[in-house]
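Peer 1: The structure's right below; bear with me while I get my questions together.
The values are calculated or read from the model by the stated rules, or taken from the named source; none is laboratory data. Model, not experiment: these values are computed from the prediction. Here the Cβ positions follow ideal geometry from the backbone for every residue, glycine too, while neighbour counts run over all protein chains shown. Just the protein is used for accessible areas: all its heavy atoms, side chains included, with ligands, DNA and RNA removed. Shrake-Rupley method; radii C 1.70, N 1.55, O 1.52, S 1.80 Å.
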Amino acid sequence: MTEKPATRTHCPYCSLQCGMTVSRVGRAGITTGAWDDFPVNQGAMCRKGWTAGELRGNRERLTTPLVRDRASGELRAAEWDEALDTVAARIRDLRAEHGPDAIGVFGGGGLTNEKAYQLGKFARVALGTSQIDYNGRWCMSSAASAGNQAFGIDRGLPFPLADVERTDVVVLVGSNLAETMPPAARHLDRLRERGGKVVVIDPRLTSTAERADLFLQPVPGTDLALALGVLHLLDARGAVDEEYVATRTTGADEARRAAAAWWPERVERVTGVGTDELRTLVDLLAGDGGTRPRAMVLTARGAEQHAQGTATVLGWINVALALGLPGAPYSGYGCLTGQGNGQGGREHGQKSDQLPGYRMIDDPAARAHVAGVWGVDADSLPGKGRSAYELLDALGTEAGPKALLVHGSNIVVSAPRAGHVTERLESLDLLVVCDLVMSETAAIADVVLPVTEWAEETGTMTNLEGRVILRRRAVAPPAGVRSDLEVIAGLAERLDAPIGFSVEPEEIFAELGRASAGGKADYSGITYDRIDAEAGVFWPCPATAEGEAEHPGTPRMFADSFAHADGRARFLVPEFVGAAEEPDATYPVHLTTGRVLGQYQSGAQTRRIRSLPDEGAFVEMHPMLATRIGAHDGEPVVVRTRRGEMKAPARVVTTIRPDTVFVPFHWVGANRLTNDALDPSSRMPEFKVCAAGVTR
């Protein structure tokens, strides 16, 4: 029997942040339902959302701190004071011996804005370390880098998601949104019902591609070459919006000259996409010579998680700019964010190079502003630290951190070249993990701290549209469990931080607003009350001159100008160099990775929900490849790369390229294979392609 009215909150998983209701049933149980009038999901949820409440009361839920006994090597139960005292004492010792950068902090794209903000403040003020980054570096950092370069600002979607169904053509590059965010797929269906067209570009014929009017299946890692070929043909046929390019952009001539070298036959040789298919895509985008169609180009991890991810996104942004799409009604370029707070998580201080409000940490004015809000000397703030993978790679080395505090991330499963990263974690003097369950990373920690889950805490998230939403606490946490905010405050106090750290989310959010005021990601005009009243508030949303939170926010960007000082967007010139690792005689096929419908991220939560299918990892391959190596559907195969190997059942399908295998990353294994080559701008690892060998 329901004991109290349902609480309106939001789903704990992807960047849609679907409106959800939570009802308490019995002592420990909760049930979830859909929030019918929330504009993002309108009553729809995926299977993961409907079953999210099942983790509450799960027998694997952590409810007491654990400290590893140095004599036995086993984790044992401890009181909170003992656990926090232990962590603080070892941090003090390591800091005294090696300096503040001996302590590292690793956050997550699923943390609330309040947690992300407080974690960055804790690292720089209480610890004094520059060594902080987060797993969102592996999510959409390449799109963020490209957006900043091209538009002067990084907001994943510069328009509401529902605009998708009102365009004429949508091009999805490296996105399987029908499985990764199923409620969003209805916009594709509605678009097609209106007579619009859907184009999907992916090495696999996914359930999203099955909805497409045009499906292009390139070699993994060649999306940039495809974009250059599209721009070449648009220019050759006179389909460029010359007035828009002349009045609203710079750099077009250089971009056109670079694309001139990518004639259709060359594109076909590199990508495997036929010249007729390429021309069909250009026909859809350019129209028939009459009214120019509205169009959107949307990229996702398939295009971005590459050592050339930023360049690839810039290539597709060039296509959008050439057609005059950004800022036009129901048109533009956008990125489909992955993690629940992938957008907000990088705006307020978790990244090694940023301060709240998307300010850069090496900007003296930014440092002065944020230090003033915090009440510390700007000179006391550390400088830029290592990016996520570089931070992990340095752990335990002479010049790297000797301790790591982990919040909201399961690094052992999710990091590229995961075997090597696990060795680095194991070499630390101190590894502290805050988690709900005994994840693979928590299992090797020195101290494990049990923290609240989504339904047990209040805080804001920023979804893929740039809409700031409010998760409301629906139930009290189990006895013995604390929030990440309480952990941060408890450690800061023990470390004699020069300022106090609040544990009240609304108070922290108000401070975040002041710290972000005047920055690119300005939240100063947003309050919890406004979020409730308006079903979310879009940023940038500055306060009025009187300090009142009345600014409407910006649901659609770039209508009048871009965020560069001159108001113009930038064409950049990306050079295609291909994947960091190409197939050879020893490793003759491409390996790519991705998600499946029933699981989420590292699977630490979803693999513990019995209602979700958990068949384990598999190796998807084409029948031609299976025949060549003598493999059969359901029988084990071994995939090897230069970094490791994994064994899993073969899944033989006709929907993947014959030169490619696919492995989902929700289980230990896939990321033991992936390449740690980094994008020079975003520092994104090349998760989505490497050379592999497959045997029975």
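Peer 1: According to the Cα gyration tensor, what semi-axes, each the square root of 5 times an eigenvalue, does the equivalent ellipsoid of region 133-220 have, listed from largest to smallest in whole Å?
Peer 2: 24, 17, 12
Peer 1: Which ³J(HN,Hα) values, rounded to whole Hz and listed in residue order, are derived for region 529-541 from phi using the Karplus coefficients 6.51, -1.76 and 1.60 in 6.51 cos²θ - 1.76 cosθ + 1.60 with θ = phi - 60°, glycine and proline given as x?
Peer 2: So the Karplus estimates, Gly and Pro as x, are 5, 5, 4, 4, 6, 10, 6, x, 10, 7, 9, x, 9 Hz.
Peer 1: Between Ala162 and Arg628, what length comes free when the chain is fully extended (0.36 nm per residue of separation minus the Cα-Cα distance, one decimal in nm)?
Peer 2: 163.2 nm
Peer 1: Hey, what did region 303-448 get for relative contact order, percent, Cα under 8 Å, at least 6 apart?
Peer 2: 12
Peer 1: Just add up the charged neighbours of Phe159: K/R +1, D/E -1, any other residue whose Cβ is under 9 Å from the Cβ of Phe159.
Peer 2: Its environment carries a net charge of -1.
Peer 1: Right, here's the next one. Starting from a Cα-only point model with no solvent, please compute log10 I(q)/I(0) by Debye for region 193-234 at q = 0.28 1/Å.
Peer 2: Evaluating at q = 0.28 Å⁻¹ gives log10 I(q)/I(0) of -0.98.
Peer 1: Pairs of Cα atoms under 8 Å, at least six residues apart: use those to get the relative contact order of the chain, whole percent.
Peer 2: 19
Peer 1: Another question, then. Based on a Kirkwood Rh over C-alpha pairs, give the Stokes-Einstein translational diffusion coefficient of region 644-690 at 4 °C and viscosity 1.567 mPa s in µm²/s.
Peer 2: 104
Peer 1: I'd like the Kirkwood hydrodynamic radius of region 218-346, using the inverse of the mean 1/r over distinct C-alpha pairs, in Å.
Peer 2: Value: 15.2 Å, from the Cα pair sum.
Peer 1: Calculate the length of the line joining the C-alpha centroid of region 432-491 to that of region 655-696, in whole Å.
Peer 2: The two parts, judged by their Cα centres, are 30 Å apart.
Peer 1: Further, regarding this structure: Amide H to amide H under 5 Å from Ala677: which residues, 5+ apart in sequence or cross-chain, H placed 1.01 Å off N in plane?
Peer 2: Those lying under 5 Å, H to H, from Ala677 are Glu686.
Peer 1: Now a separate question. Can you send over the carbon and sulfur percentage of the accessible area for region 464-584, probe radius 1.4 Å, protein chains only?
Peer 2: Its accessible area is 47 percent carbon and sulfur atoms.
Peer 1: Stretched out fully, how many nm does the piece from Glu507 to Thr247 gain, at 0.36 nm a residue minus the Cα gap?
Peer 2: 89.2 nm
Peer 1: Roll a 1.4 Å probe over the protein chains and send me the accessible area per residue for region 381-484 in Å².
Peer 2: Ligands and nucleic acids excluded, the figure is 24 Å² per residue.
Peer 1: May I ask for the net charge around Thr312, where only other residues with Cβ less than 12 Å from the Cβ of Thr312 are counted and Lys, Arg are +1 while Asp, Glu are -1?
Peer 2: The answer is -3.
Peer 1: Here's something else I'd like to know. Can you pick out the pairs among Lys121/Lys384; Lys115/Lys384; Lys121/Lys402; Lys647/Lys688; Lys48/Lys647 whose Cα atoms lie more than 23 Å from each other?
Peer 2: Going by Cα-Cα distance, Lys48/Lys647 fall outside the 23 Å limit.
Peer 1: Here's a follow-up. By per-residue mean of other Cβ atoms within 10 Å, what is the highest-first order of 261-270, 219-228, 496-505?
Peer 2: Put in order of decreasing packing, that is 219-228, 261-270, 496-505.
Peer 1: Any chance you could check the Cα centroid distance between region 39-54 and region 215-287 for me, in angstrom?
Peer 2: Result: 38 Å between the Cα centres.
Peer 1: Taking the Cα centre of region 590-696 as origin and charging only Cβ (+1 Lys, Arg; -1 Asp, Glu), how large is the dipole, in debye to the nearest 20?
Peer 2: About 200 debye.
Peer 1: I want to verify the translational diffusion coefficient of the chain in µm²/s; compute it with Stokes-Einstein, Rh as the Kirkwood radius over Cα pairs, at 10 °C and 1.306 mPa s.
Peer 2: 62
Peer 1: Tell me which residues come under 5 Å, amide H to amide H, from Gly196 once H is placed; ignore anything under 5 positions away on its chain.
Peer 2: Result for Gly196 returns nothing.
Peer 1: For the pair Thr586/Arg59, report the inter-label distance in nm, with labels modelled 7 Å from Cα in the Cβ direction.
Peer 2: 4.6
Peer 1: Using alpha carbon centroids, what distance separates region 59-78 and region 132-174, in Å?
Peer 2: One Cα centre to the other: 41 Å.
Peer 1: Taking every alpha carbon pair in region 304-458, what does the distance histogram look like in 10 angstrom bins from 0, in percent?
Peer 2: 9, 25, 32, 24, 8, 1
Peer 1: Ok, one more. Which value does Rg/Rh take for region 283-377 over its C-alpha atoms, Rh per Kirkwood?
Peer 2: Over the Cα atoms of region 283-377, Rg/Rh equals 1.14.
Peer 1: Shifting gears a bit: Give me the percent of Cα-Cα pairs in region 87-244 that sit more than 23 Å apart, rounded to a whole number.
Peer 2: 59
Peer 1: Which aspartates and glutamates does Lys197 reach when only Cα atoms under 13 Å apart count, and residues fewer than 8 places away in its own chain are ignored?
Peer 2: In chain and number order, the partners are Glu165, Asp168, Asp189, Glu210, Asp213, Asp283.
Peer 1: Still on this model: Starting at the first residue of region 671-681, write each ³J(HN,Hα) from the Karplus equation 6.51 cos²θ - 1.76 cosθ + 1.60 with θ = phi - 60°, in whole Hz, x for Gly and Pro.
Peer 2: Result, ordered by residue: 7, 6, 9, 6, 8, 9, 4, 10, 5, x, 9 Hz.
Peer 1: Considering Cα pairs under 8 angstrom that are at least six residues apart, work out the relative contact order of region 629-681 and quote it in whole percent.
Peer 2: Reported as a whole number, the value is 34 percent.
Peer 1: Between beta-carbons, use under 10 Å as the cut-off and find the net charge around Val619, counting Lys and Arg +1, Asp and Glu -1.
Peer 2: +1
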